[in-house]
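Notes follow the structure.
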Amino acid sequence: MNDFIYDIPTKVYFGKDQLCHLGEELKKFGKRVLLTYGGGSIKRTGLYDAVMKELKNADLEVYELSGIEPNPRVESVRQGAKICKEKDIDVLLAVGGGSTIDATKWMAAAALVEHDAWDFFSKWAPVKDALPIVTILTLSATGSEMDTAGVISNPETQDKIGRLERPLLPRVSFLDPTNTYTVSKYQTACGSADILSHIIETYFTTEKDLYMLDTVMEGLMKTVIKYTPIALENPTDYEARANLMWASSWAINGFTYGGKKKAWSCHPMEHQLSAVYDITHGLGLAILTPRWLKYCLDETNVYKYVQFGVNVFDIDKNLPDFEIAFLAIDRLADFLFNKCALDDTFTKVGIKEEDFSAMAYKACGGKTVGGFKPLTQQDIEKIYKMCL
Ligand code: NZQ
Ligand code: ZN
């Protein structure tokens, strides 16, 4: 077990009657607020009106930026940073899913520099500081509400790049499960696939694990597997939505890393898919993950698949190790493709073999993707082919 620092300072208001604290929290950072949101779901659900009421009651000066795209684009970040500079914004309030929150994080950073927002990704320009960010989450998936990451797309270069920077961590997040009642079945399923992937990418490691953290991760995975079908069947089931929401935050907020080297595999492979094809992140992960698990399985690591199969899917521990491993992968695929009804191949979602080489090259940066098993460009191309 390696040494580590635990420091997750995001203040969370969890539950259905917490929005009354929004004004008091925002006012701690100043008076001028930039409210950011996506394509309009918050207007249809009534959340926009509820938020505006709180902002008005708190006598805050509000500016708005709407239309942030799924797989958010750098152009939205530029627009937000411009408003922050022109209006001397004190705090940004992101209301939406991971895309809105991610874009807002980078607006908050870009507001404090003179260079173009894309330089953070193309030149790895330093992120020394950012304006404070408050979030109201409307979709359980990415964990952006409680982590330091933000992923931005640039359609001109067909890049989608994520970066983790401490100043991007939301100061306060409002997690009201009822705000996710209106999330479609498809986005709910994709969100759950994303949460599961964040746990699996951390759980499958060759480093010596902490039993305590492995057990927590198994509990988180069981939570997603238990409650996603309930939320799909009954979108207004509070317990199901609440369990998924809190699992989304804890899957990726850093708690489960416990000093392990954080090198993920499916995420860099997926980000190339959504960069080129603009598909939903969780869908790409769902298709990739079972194939990646199959590709990486060998004599040296089968014990981890056995632990996963026995503890998460209750597979009989007396079966031969490789049988348990394959059964566990099948059970995961059954959850993703049958229970969640997600498409199970690249072919079904229009991803073509002709792009595999370029996408694989970008996924590993011309070297290797670290993680459970180091993957070269050729390995990644083989995994992509398994997904056809
Ligand atoms: O734009 P609106 O109109 O709000 O509609 C959105 C969007 O169309 C809709 N939606 C969200 N909340 C809703 C709702 N519809 C009805 N009712 C609600 N309550 O759902 C659609 C998808 O939203 P989006 O924000 O794109 O989804 P998600 O939360 O899955 O975010 C995906 C983005 O986050 C990145 C992904 O790569 C992708 O770009 N990620 C961010 C991470 C992070 N910051 O740590 C980690 C992840 O691994 C991921 O890479
Ligand atoms: Zn993800």
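The values are calculated or read from the model by the stated rules, or taken from the named source; none is laboratory data. Please read these numbers as outputs of a predicted model, since none were measured by experiment. Please note: Cβ atoms are built from the backbone with ideal geometry, for glycine as well, and neighbour counts cover all protein chains shown. Accessible surface is based on the protein model in full, side chains and every heavy atom, while ligands, DNA and RNA are left aside. Shrake-Rupley method; radii C 1.70, N 1.55, O 1.52, S 1.80 Å.
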Mind checking which of SER184, SER122, SER248 has the largest fluctuation in a GNM of the chain, springs on alpha carbons under 10 Å? SER122
The extension gain from LEU164 to LYS16, computed as 0.36 nm times the residue separation minus the Cα-Cα distance, is 50.3 nm
Residue-normalised value, i.e. accessible area per residue, for the chain at 1.4 Å probe, in Å², stands at 42 Å²
Sorted peptide list for 89-96, 4-11, 335-342, criterion being average Cβ within 10 angstrom, highest first: 89-96, 335-342, 4-11
Straight-distance crosslink candidates among lysines, where the alpha carbon sits under 21 Å from LYS43 and sequence neighbours closer than 8 are dropped: LYS16, LYS53, LYS56, LYS185
Heavy atoms of the protein only, probe of 1.4 Å, neighbouring chains included. What is the accessible area of VAL216 in Å², nearest 10? 50 Å²
Please work out how much accessible surface THR280 shows to a 1.4 Å probe, ignoring ligands, DNA and RNA, in Å² rounded to 10. 40 Å²
Putting +1 on Lys and Arg Cβ atoms and -1 on Asp and Glu Cβ atoms, find which of LEU319, HIS267, THR236 reaches farthest to the positive end of the dipole of the range 185-386. HIS267
Along the three principal axes, how long is the range 1-106 when you take its alpha carbons, biggest first, rounded to the nearest angstrom? 48, 33, 29
Mean Cα-pair separation over length for the chain, i.e. relative contact order, pairs under 8 Å, 6 or more apart, %: 16 percent
I want the local charge near LEU112. Using Cβ-Cβ distances under 11 Å, sum +1 for each Lys or Arg and -1 for each Asp or Glu among the other residues. 0
So, relative contact order of the range 36-99 in percent, Cα under 8 Å, 6 or more apart, is 51 percent
Only Lys, Arg, Asp and Glu count, each charged at its Cβ (+1, +1, -1, -1), so figure out the dipole size of the chain about its Cα centre, rounded to 20 debye. 440 debye
Lysine pairs within the range 242-333, Cα separation less than 20 Å, 8 or more sequence positions apart or different chains: 6
Convex hull volume of the chain per residue (C-alpha atoms, cubic angstrom): 129 Å³
Helix axis angle, 321-333 relative to the chain longest principal axis, alpha carbon, degrees: 40 degrees
Accessible area (Å², 1.4 Å probe, nearest 10) - THR300: 110 Å²
Largest-first ordering by accessible area, 1.4 Å probe, given options ASP3, ASP176, ASP316, ASP49: ASP3, ASP49, ASP316, ASP176
Full extension between ASP116 and ASP314 adds, at 0.36 nm per residue less the Cα distance, a length in nm of 66.2 nm
Kirkwood hydrodynamic radius for the range 11-179: how many Å is it when counted over pairs of different Cα atoms? 15.6 Å
Contact order relative to length of the range 269-356, as percent, for alpha carbon pairs under 8 angstrom and 6 or more apart: 28 percent
Surrounding net charge for GLU233, when Lys and Arg each add one and Asp and Glu each subtract one, Cβ distance under 11 Å: +1
Can you give me the angle between helix 74-87 and the longest principal axis of the chain, using Cα atoms only, in degrees from 0 to 90, rounded to the nearest 10? 30 degrees
Calculate what fraction, in whole %, of the accessible area of the chain sits on carbon and sulfur atoms when a 1.4 Å probe is rolled over the protein chains. 52 percent
Net charge around LYS160, counting only other residues with Cβ within less than 13 Å of its Cβ (Lys, Arg = +1; Asp, Glu = -1)? -3
Leaving ligands and nucleic acids out of the surface, order TYR361, TYR277 by accessible area at 1.4 Å, largest first. TYR361, TYR277
Run the helix sum for the chain: -39,500 (n - 2.57) per DSSP H stretch of 4+ residues, divided by residue count, reported at 222 nm to the nearest 500 deg cm²/dmol. -14500 deg cm²/dmol
In degrees, nearest ten, helix 185-203 long axis to first principal axis of the chain (Cα): 70 degrees
Given 0.36 nm per residue, what is the gain on full extension from LYS222 to LYS128 after removing their alpha carbon distance, in nm? 30.0 nm
Between ASN338 and PHE4, what is the FRET efficiency for a Förster distance of 35 Å, r being their Cβ-Cβ separation, to the nearest 0.05? 0.40
Can you pull the semi-axes for the range 121-187, root of five times each eigenvalue of the Cα gyration tensor, sorted largest first, whole Å? 25, 18, 7
